[in-house]
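Worksheet: the structure to be examined is printed underneath.
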Protein chains: 2
Amino acid sequence: MGIKFIASGGITTPRGFHAGATCAGIKTKDKSDLAILFSEAPCVATAMFTTNRVKAAPVLLCQQRLRDGKAAAVVVNSGCANACTGKQGLADAAETAELAAEAIGAPAEDVLVASTGVIGPCLPMERLRAGIKQIVLSRDGGHELARAIMTTDTVPKEAAVGIDGSNLIIGGVAKGSGMIHPDLATLLCFLTTDASVDLDFLRLALRKAVEVSFNMISIDGDTSPNDMVLIMANGLAGNGPIATGSQQADAFQQALNQLCTHLAKSIARDGEGATKLIEVKVNGAPTLAEARLVARTVVSSPLVKSAVHGNDPNWGRVMAVLGRSGVEVEEAKVDIYLDDICVARAGCAVPFDEKAAVKALDKSEVAIVLNLNLGEATATAWGCDLSEEYVTINSQYTT
Amino acid sequence: MGIKFIASGGITTPRGFHAGATCAGIKTKDKSDLAILFSEAPCVATAMFTTNRVKAAPVLLCQQRLRDGKAAAVVVNSGCANACTGKQGLADAAETAELAAEAIGAPAEDVLVASTGVIGPCLPMERLRAGIKQIVLSRDGGHELARAIMTTDTVPKEAAVGIDGSNLIIGGVAKGSGMIHPDLATLLCFLTTDASVDLDFLRLALRKAVEVSFNMISIDGDTSPNDMVLIMANGLAGNGPIATGSQQADAFQQALNQLCTHLAKSIARDGEGATKLIEVKVNGAPTLAEARLVARTVVSSPLVKSAVHGNDPNWGRVMAVLGRSGVEVEEAKVDIYLDDICVARAGCAVPFDEKAAVKALDKSEVAIVLNLNLGEATATAWGCDLSEEYVTINSQYTT
């Protein structure tokens, strides 16, 4: 039961999904900033949203529209988050859905809306109205959408996986974070599949996949007002519906986990100013919750990120972060590794080859491994290094 | 009942306190790195320590020695934190105290130890043994100690206050943070007073003062393995002992609060790479705990710090941080100000003079004011901007 990544795959790789994008002028100049994703067959759909108490208008709209577990299309813009925009923002989000519904011939209540960009300003509706009419949908348009949702991302993030021994495909696209603290950025991810999937199972499967992927590039449960991970299943593969306990349930879950992890790592790797992907693996934790908390806290530490940026094997910072992460720690049991080089054992320094440690850090993917030696639970989190460029980018965003 | 800052004051301004420092060679080259503070009369003393589960050896030693509420001296080094050093670290801390006790002629059990610097390595005891003998104590030596405890601090932080209508003096010295997330750095603060103070009152007063000062430049209760705020009261002013309810209790508390706030702001202002002090004031919170949490979360946000660095009036980031801070928020009630310029009202954008807003940010002290309009509680937190230099400094610390 293997899972295979499909070359050049994306959200329109599964059967029956169409997409397209345009330059509506929401972002400056000739940047693509408005896109539509559409399924020719009605979809079972579910999403996970930001836990931020300040929720953007499109999030509020989608939460309402997804109660019935159905969707046909998503219209998405970058350049303006439509967050902190009050009643005008809600009206604008609803109008955007309506305009897209007209353009594609779907009922407005099945059209979802997503936005990413600067918080505060209202959507430039004149430009949106004109822009939506320009969008041409195609079966290969997923790549266009992947570019249209980028903000400070430097590369589009998309992929598709096929499940061996079946004809089922799951496609996905995400936009970064684009920030060192991904949870403060807008994370948008749209997943599509031609599998026929039972709604209850789909909800559970999405939650499980997000837990091991997107939630492991976050810090403190921090999320932007716009975060959204959406999955739409149109059933055009013609399989018997996948439900809990059915034959293909495990394979579908595995495929979804791998796809989401792939996209999450792409986001971490492309963090603003990032030069490296950092993977923090925690072993030997008493519980899964503690393993996850430690992994996320270490990978989010500005001091650890700065040390990795400078190839500095300063393991004492990892110990200090572990100590304040909120989990029980027995200092005298902790081992720390950079790649496979042990830099601390039983909570204390051990002699290690400093040149080799610097070399282990001077790579595009850096692995930090902690063993708490208290139990059996493990977890992995991903992030990126903190560079001078991060500050440069973030001190000049709106002005 | 006024409180006056004393020109060029410090920890040896109160009667009977002596200090001195030397270059023991713990830090590189000819930097002062070892110091002693000594009171000629025995002191009532108490301290607050790191809440990090990984505690440095000197912290464990002090916790034990302060149980009786008595102290005569502190020996402190920079350049090595003596943290994550196991049993050897504890033995080294105890020996350091013993050497200092011999040098000054005090019982070893009344000598406290503090360390700050790199986590992991053991203290270079040969150098400490030689160094301690070189220290010459004087009534004006507080300034020397202030310099000896600096790590990445760029200026010493010391002050003394006198209480009007009395002869009581409180002196203080602190070392930074020196980091953008001060809680991850070592915060060391020593406070001295010639007032006679009841131990129970002193413990309570210190806790209250730390809550409104040093704890308001921290983030999540994060603290380094070495953090310590110590107060020693030697009673040489000859006042009747200050206790809860006594005539001078309020004045003493006010003086202590002002001194601690002054030192805390000095630390924030001198954060690594910092170019500005940021003050975040939260008004209209339902409870004090919520006001404090919001103030600390906003002032710790890398995105807010970066925006302030670049003079970018990006208030949407403040709203996003408020939303994920963990407190109840009614988005439609929130007002945000930069200095006295309203940039968001009732949760939404309002037109404002962008040039004036940029100017309000382009100052050495920047004020961000949030009104939640939900209650009466207020709190203030301090931090600094995030500059490219922070990353440069922290990517080259140990190597």
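The values are calculated or read from the model by the stated rules, or taken from the named source; none is laboratory data. Fair warning: this is a prediction, and the values are worked out from it, not measured in the lab. No Cβ is skipped: glycine too gets one built from the backbone with ideal geometry, and neighbour counts run over all protein chains shown. Just the protein is used for accessible areas: all its heavy atoms, side chains included, with ligands, DNA and RNA removed. Shrake-Rupley method; radii C 1.70, N 1.55, O 1.52, S 1.80 Å.
For the reader, a short list of remarks on this structure follows.
- Candidates B:Ala114, B:Ala101, B:Ala108 - the one that is free of Cβ contacts under 8 Å to residues at least 24 places away in the same chain and touching a helix residue (DSSP H, G or I) at 6+ places or on another chain (Cβ under 6 Å): B:Ala108
- Flag if A:Val59 is within 14 Å of chain B (Cβ to nearest Cβ) and either touching a residue at least 60 places away in the same chain (Cβ under 8 Å) or out of contact with any Phe, Trp or Tyr (no Cβ under 8 Å at 6 or more places or on another chain) (or both): yes
- Within region A:37-53, being more than 19 Å from the chain's Cα centre (by Cα) and either closer than 30 Å to B:Ser325 by Cα or buried (at least 21 other Cβ atoms within 10 Å of the Cβ) (or both) holds for A:Phe38, A:Ser39, A:Cys43, A:Val44, A:Arg53.
- When B:Leu372 is tested against (1) touching a residue at least 60 places away in the same chain (Cβ under 8 Å); (2) farther than 23 Å from B:Ala291 by Cα; (3) within 13 Å of another protein chain (Cβ to nearest Cβ), exactly one condition is not met: (2).
- Among the residues making up region B:341-353, those that are under 20 Å from B:Glu279 (Cα atoms) and in contact (Cβ under 8 Å) with a residue 12 or more places away in the chain are B:Ile341, B:Val343, B:Ala344.
- Odd one out for A:Gly316, checked against (1) at pLDDT below 90; (2) open to solvent by 10 Å² or more (accessible area, probe 1.4 Å): (2)
- Taken together, A:Ser325, A:Ser266, A:Ser246 contain a single residue that is modelled with pLDDT under 90 and within 30 Å of A:Asp200 (Cβ to Cβ), which is A:Ser266.
- When we screen B:Ala24, B:Ala35 for residues that are part of a loop (DSSP other than H, G, I, E, B) and on the phi < 0 side of the Ramachandran plot, the only hit is B:Ala24.
- Subset of region B:322-334 that is surrounded by fewer than 24 Cβ atoms within 10 Å (Cβ to Cβ) and part of a helix (DSSP H, G or I) - its residue that is farthest from the other protein chains (Cβ to nearest Cβ): B:Lys333
- Among the residues of region A:222-252, those that are under 25 Å from the mean Cα position of the chain (by Cα) and open to solvent by 40 Å² or more (accessible area, probe 1.4 Å) comprise A:Thr244, A:Gln248, A:Asp250.
- Counting only residues that are buried (at least 21 other Cβ atoms within 10 Å of the Cβ) and either over 19 Å from A:Pro14 (Cα atoms) or touching a helix residue (DSSP H, G or I) at 6+ places or on another chain (Cβ under 6 Å) (or both), region A:132-175 holds 18 of them.
- Within region B:335-365, the set of residues being more than 10 Å from chain A (Cβ to nearest Cβ), open to solvent by 50 Å² or more (accessible area, probe 1.4 Å) and within 19 Å of B:Val308 (Cα to Cα) comprises B:Tyr337, B:Asp340, B:Phe352, B:Asp353, B:Lys355, B:Lys359, B:Asp362, B:Lys363, B:Ser364, B:Glu365.
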